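Heads up, the thing below is written out as structure tokens.
The values are calculated or read from the model by the stated rules, or taken from the named source; none is laboratory data. No experiment lies behind these values; they were computed from the predicted model shown. Cβ placement follows ideal geometry from the backbone for every residue including glycine, while neighbour counts extend to all protein chains displayed.
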Amino acid sequence: MPIDTPALRRILTQHRTIAVVGLSADWNRPSYFAAKYMQSHGYKIVPVNPRYAGDAAGILSERCYASLSDIPFAVDMVDVFRRTADVLPIAEEALAIGAKSLWQQLGVHNEAASLLFTAQQRDAVEDRCVKIEHARLFGGLNWVGVNTGVISAKRALRPD
């Protein structure tokens, strides 16, 4: 399901608490890199990975949870770093905890999961990287010579 640039900007501005399903503690994994970037830009990162749940060190100095339903506070966005086939049950659990958006990372596009969210007037993003989109929309990629395709005479307000 395609999503337009204003919707991405709105999601990244309004949804500040992100549960990252499949977040790895390995610094060289894409999930860690993306979560660290978002954390450094003022987002609250909530690691969700049963492998690291209960670990005193956590991931990115945040307590790690085994599942979305274990998180004792509200989550705005669920960012999924899992295979496409694994997304539907995650989306169902995300709806159950009241998440406002479901974000499926690059290479992940489960249309049934997205339809669950959009049917309830919630946001669903498929096959996009939250870090890349944040950098593209709020100033980051263009600093290293990447043409973002976002042209404006006015600098966009940064969400952080």
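What are the residues in the stretch 26-50 that are in contact (Cβ under 8 Å) with a residue 24 or more places away in the chain and either part of a loop (DSSP other than H, G, I, E, B) or of a type in the set (Val, Ile, Thr) (or both), if any?
Across the stretch 26-50, the qualifying residues are 41, 42, 43, 45, 46, 48, 49.
Taking the stretch 20-37 on its own, how many of its residues are over 15 Å from residue 108 (Cβ atoms) and surrounded by 23 or more Cβ atoms within 10 Å (Cβ to Cβ)?
Selection size over the stretch 20-37: 1.
Select from the stretch 105-124 the residues that are within 19 Å of residue 16 (Cβ to Cβ) and crowded, with 21+ Cβ neighbours inside 10 Å and list them in ascending order.
105, 117, 123, 124
Here is a list of conditions, (1) touching a residue at least 12 places away in the same chain (Cβ under 8 Å); (2) under 22 Å from residue 122 (Cα atoms), and residue 4 meets all of them except one; can you say which number that is?
(1)
Condition first: touching a Leu at 6+ places or on another chain (Cβ under 8 Å), assigned to a loop (DSSP other than H, G, I, E, B) and over 23 Å from residue 50 (Cα atoms). Now tell me which residues in the stretch 82-128 satisfy that.
Within the stretch 82-128, 120, 122, 127, 128 qualify.
Among the residues of the stretch 36-60 satisfying the criterion of being touching a helix residue (DSSP H, G or I) at 6+ places or on another chain (Cβ under 9 Å) and among the hydroxyl-bearing types (Ser, Thr, Tyr), which is nearest to residue 93 (Cα to Cα)?
Within the stretch 36-60, the match that is nearest to residue 93 (Cα to Cα) is 43.
So, in the stretch 99-141, exactly how many residues are touching a residue at least 24 places away in the same chain (Cβ under 8 Å) and at positive phi?
0
With the requirement that a residue be among the small types (Gly, Ala, Ser) and touching a Ser or Thr at 6+ places or on another chain (Cβ under 6 Å), what does the stretch 87-126 give you?
124 - this is the single residue of the stretch 87-126 that is among the small types (Gly, Ala, Ser) and touching a Ser or Thr at 6+ places or on another chain (Cβ under 6 Å).
When the stretch 80-104 is examined, which residues are found to be of a type in the set (Lys, Arg) and buried (at least 16 other Cβ atoms within 10 Å of the Cβ)?
Answer for the stretch 80-104, where residues must be of a type in the set (Lys, Arg) and buried (at least 16 other Cβ atoms within 10 Å of the Cβ): 82, 100.
Assuming residue 60 fulfils every condition listed in (1) surrounded by fewer than 16 Cβ atoms within 10 Å (Cβ to Cβ); (2) at positive phi apart from one, which condition is it?
(1)
Looking at the stretch 51-81, which of its residues are within 18 Å of residue 128 (Cβ to Cβ) and assigned to a loop (DSSP other than H, G, I, E, B)?
76, 81
Going through the stretch 1-23 one residue at a time, which ones are part of a loop (DSSP other than H, G, I, E, B), closer than 19 Å to residue 94 by Cα and not charged (D, E, K, R)?
Once the filter is applied, which keeps residues that are part of a loop (DSSP other than H, G, I, E, B), closer than 19 Å to residue 94 by Cα and not charged (D, E, K, R), the stretch 1-23 yields 1, 15, 22, 23.
Only one of 76, 70 is in contact with a His (Cβ under 6 Å, 6 or more places away or on another chain), charged (D, E, K, R) and either surrounded by 14 or more Cβ atoms within 10 Å (Cβ to Cβ) or modelled with pLDDT of 95 or more (or both). Can you tell me which?
76
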